[in-house]
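Q: One structure follows; several queries about it will come next.
The values are calculated or read from the model by the stated rules, or taken from the named source; none is laboratory data. Predicted model only: the values in this text are computed from it and were never measured. Here the Cβ positions follow ideal geometry from the backbone for every residue, glycine too, while neighbour counts run over all protein chains shown. Accessible surface areas use protein heavy atoms only, side chains included; no ligands, DNA or RNA. Shrake-Rupley method; radii C 1.70, N 1.55, O 1.52, S 1.80 Å.
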Amino acid sequence: MKLFLDTADTNEIRKYAAMGLVDGITTNPSLIAQSNKTREKVIPEICDIVDGPISAEVISTDRKGMVEEGLRLAEIHRNVTVKLPLTGDGLAACRDLSRQNVKTNVTLCFAPVQALLAAKAGATFVSPFIGRLDDLGETGMDIISDIRDIFDNYGFATEILVASVRSPNHVRAAAKIGADVCTIPPKVLGQLLKHPLTDSGLAQFLADHERAKL
Ligand code: G3P
């Protein structure tokens with residue numbers, strides 16, 4: 001399973017990219033706003049750090065506007081993946097951009113049948129939002145299993161990009177199901193890395209090493 005970082009914070013991206021853990025980046029307008037930079041400034045910076053798909057989301061909501069904006073975003077760098085909302089216009093724009101060999105990520109997916117539509121529109125990635133379904137008392141991860149089954153039934157090439165990830169358990173479940181990609185906030189990637197037994201075991205080894213030198 002590929003791991004993307006779900007952030008526009010270039011310090012966090014540099015930190016985890018240096019560990020070789022980052023296969024790509026996803027951003028959205030909320031994450032861009034948190035970076036205190038414009039999309040046009042931060043996306044090229046991210047492309048300089050990570051050599052993998054970098055999702056940049058359109059603001060337009062009509063097909064023509066999304067296609068024009070998407071083409072402009074795609075010109076920034078060969079790795080830019082145009083993120084489009086899962087609306088009728090978004091799917092039409094996805095079809096248009098796919099036909100022009102622009103990589104796409106259809107976002108705000110909350111149901112397996114929506115993912116089916118994104119795949120039929122030629123999306124490179126579809127982003128089901130797990131945590132936001134959990135917030136409503138549903139089990140978000142259930143839709144990942146369903147989407148996996150549907151895509152495998154028909155051999156769709158669209159990659160399942162698990163988004164709105166809130167915990168290491170989400171990542172474990174996504175990997176067990178066989179999702180293609182999980183996009184993870186830096187905080188959750190930090191949690192994946194840590195285990196108290198790793199820390200205490202290392203401390204013990206170092207202490208024993210010091211004693212052996214006496
Ligand atoms: O990639 C989309 C994702 O960032 C949404 O996450 O936590 O805002 O639901 P969240």
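Q: Would you tally the residues in segment 62-75 being over 12 Å from Thr104 (Cα atoms) and part of a helix (DSSP H, G or I)?
A: Residues that pass the stated criteria total 7.
Q: Would you mind stating whether Arg39 is basic (Lys, Arg), within 16 Å of the ligand (Cβ to nearest atom) and under 28 Å from Arg14 (Cβ atoms)?
A: Yes, satisfied.
Q: If you don't mind, another one. So Arg95 ticks every box in (1) part of a strand (DSSP E or B); (2) open to solvent by 60 Å² or more (accessible area, probe 1.4 Å); (3) of a type outside the set (S, T, N, Q) but one. Which box is left unticked?
A: (1)
Q: Inspect segment 66-82 for any residue being within 16 Å of the ligand (Cβ to nearest atom), in contact (Cβ under 8 Å) with a residue 12 or more places away in the chain, under 22 Å from Val162 (Cα atoms) and not hydroxyl-bearing (Ser, Thr, Tyr) and give the result as yes or no.
A: yes
Q: Which of the residues belonging to segment 62-86 are among the small types (Gly, Ala, Ser) and within 20 Å of the chain's Cα centre (by Cα)?
A: Gly70, Ala74
Q: Within segment 6-30, can you find the residues that are within 16 Å of the ligand (Cβ to nearest atom), closer than 21 Å to Arg78 by Cα and out of contact with any Phe, Trp or Tyr (no Cβ under 7 Å at 6 or more places or on another chain)?
A: Of everything in segment 6-30, those that are within 16 Å of the ligand (Cβ to nearest atom), closer than 21 Å to Arg78 by Cα and out of contact with any Phe, Trp or Tyr (no Cβ under 7 Å at 6 or more places or on another chain) turn out to be Asp6, Thr7, Ala8, Asp9, Ile13, Thr27, Asn28, Pro29.
Q: Let me ask something else. Can you tell me which of Ile46, Ile59 is open to solvent by less than 50 Å² (accessible area, probe 1.4 Å) and outside any strand (DSSP E or B)?
A: Result: Ile46 is the single residue among Ile46, Ile59 that is open to solvent by less than 50 Å² (accessible area, probe 1.4 Å) and outside any strand (DSSP E or B).
Q: Is there a residue in segment 24-31 that is hydroxyl-bearing (Ser, Thr, Tyr), crowded, with 20+ Cβ neighbours inside 10 Å and under 25 Å from Leu71 (Cβ atoms)?
A: yes
Q: So which pairs qualify, if the first residue must be in segment 162-185 and surrounded by fewer than 16 Cβ atoms within 10 Å (Cβ to Cβ), the second must be assigned to a loop (DSSP other than H, G, I, E, B) and of a type in the set (A, V, I, L, M), the Cβ gap must be under 7 Å, and the two must be at least 6 apart or on different chains?
A: Note: pairs meeting the criteria are Ala175/Met1.
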